[in-house]
1. Give the residues of the range 79-116 that are part of a strand (DSSP E or B), in contact with a helix residue (DSSP H, G or I) (Cβ under 7 Å, 6 or more places away or on another chain) and either among the acidic types (Asp, Glu) or closer than 14 Å to residue 133 by Cα (or both), sorted by residue number.
2. Given the options 179, 161, name the one that is out of contact with any strand residue (DSSP E or B) (no Cβ under 8 Å at 6 or more places or on another chain), free of Cβ contacts under 8 Å to residues at least 60 places away in the same chain and surrounded by fewer than 20 Cβ atoms within 10 Å (Cβ to Cβ).
3. Need a quick list: strands (runs of 3 or more DSSP E) entirely within the range 135-205 having at least 3 residues that are more than 18 Å from residue 100 (Cα to Cα) and among the β-branched types (Val, Ile, Thr).
4. Yes or no: residue 42 acidic (Asp, Glu), within 25 Å of residue 161 (Cα to Cα) and in a helix (DSSP H, G or I)?
5. Mind telling me which of the residues 195, 201, 158 ends up being farther than 23 Å from residue 66 by Cβ and of a type in the set (Lys, Arg)?
6. List the number of the failed condition for residue 112; all other conditions in (1) surrounded by 21 or more Cβ atoms within 10 Å (Cβ to Cβ); (2) free of Cβ contacts under 8 Å to residues at least 60 places away in the same chain; (3) among the β-branched types (Val, Ile, Thr) hold.
7. Return the only residue of 91, 80 being within 23 Å of residue 182 (Cα to Cα), in contact (Cβ under 8 Å) with a residue 60 or more places away in the chain and not basic (Lys, Arg).
8. When the residues of the range 40-89 are narrowed to those that are among the basic types (Lys, Arg) and surrounded by fewer than 19 Cβ atoms within 10 Å (Cβ to Cβ), which ends up modelled with the lowest pLDDT?
Amino acid sequence: MTGTGAIGLARDLGPVLHRTVQDGAAHEPGVVPDELRRAVLDEVGAESFTDLAAVEGPYGVRQDGEHRVFTGEEIGVRPAVYALHRAVVAAVQAHGDEIAGLSDWRPDEVAVQRYAAGSGGISTHRDGRRHRYLVAILTLEGSARLRQCSDREGTTVRTWEAAAGSLVLLRGPGLAGMEDGRPLHAVDGPTEYPRTSFSLRMTGR
């Protein structure tokens, strides 16, 4: 993990941020440099994970995977996790003068989720209202379809293959002055290989 603190993202996030404001969700491939991606995978591989609740929330969202959540100081004491967190925050805040809310986006939660090949992923849902401005989902390994939906039945309006190194952004409350605007979306389970994702959220803890 030596030197990961100096690694930035491989792409400017301006275009994908503007698409997120317009469409509610957007995808950008090739964002996380391989060196940093591998360092985070090595680091989180030593952590203990717990199963996601099979059914969660009032709408009965179905989940099939496991997760490990880091908050507050837990992020800063893990060098690779912190390096990726810092790189994403810096790349987003670089466009704070263009889109209201980005300068105030300070994610205080990192969720690493793992899905086995053939698992069910997560059914149609919205991220919590408390997750302000933006949710950033990076894929560390594997690949799966992430779908933006128009209803809770899962009617798909956009779909992306969230492959290793890619980024998906979801609009949160307050972004560009919108009161809410959270998109419905679903994550299909990976088919051939396991998938690990790394998500940043601002909860205001």
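The values are calculated or read from the model by the stated rules, or taken from the named source; none is laboratory data. Quick caveat, the model's predicted, so the values are computed rather than measured. Backbone-built Cβ (ideal geometry, glycine too); neighbour counts: all protein chains shown.
1. Our first condition is that a residue be part of a strand (DSSP E or B); within the range 79-116, this holds for 109-115.
Next, from what is left, pick out any that are in contact with a helix residue (DSSP H, G or I) (Cβ under 7 Å, 6 or more places away or on another chain): 110, 112.
Across the range 79-116, there are no qualifying residues.
2. Working: 161 fails: out of contact with any strand residue (DSSP E or B) (no Cβ under 8 Å at 6 or more places or on another chain).
Unique residue meeting the criteria: 179.
3. Numbers: elements: 143-149, 156-163, 167-171, 184-187, 195-201.
Fully inside the range 135-205 and qualifying: 156-163.
4. Values: acidic (Asp, Glu): yes; within 25 Å of residue 161 (Cα to Cα): yes; in a helix (DSSP H, G or I): yes.
Answer is yes for this residue.
5. Values: 195 fails: farther than 23 Å from residue 66 by Cβ; 201 fails: farther than 23 Å from residue 66 by Cβ.
One residue alone meets the criteria, 158.
6. Unmet condition: (2).
7. Values: 80 fails: within 23 Å of residue 182 (Cα to Cα).
It is 91.
8. In the first step, residues of the range 40-89 are kept if they are among the basic types (Lys, Arg); the result is 62, 68, 78, 86.
Filter once more, keeping what is surrounded by fewer than 19 Cβ atoms within 10 Å (Cβ to Cβ): 62, 68, 86.
Numbers: 62: 93, 68: 98, 86: 97.
It comes out as 62.
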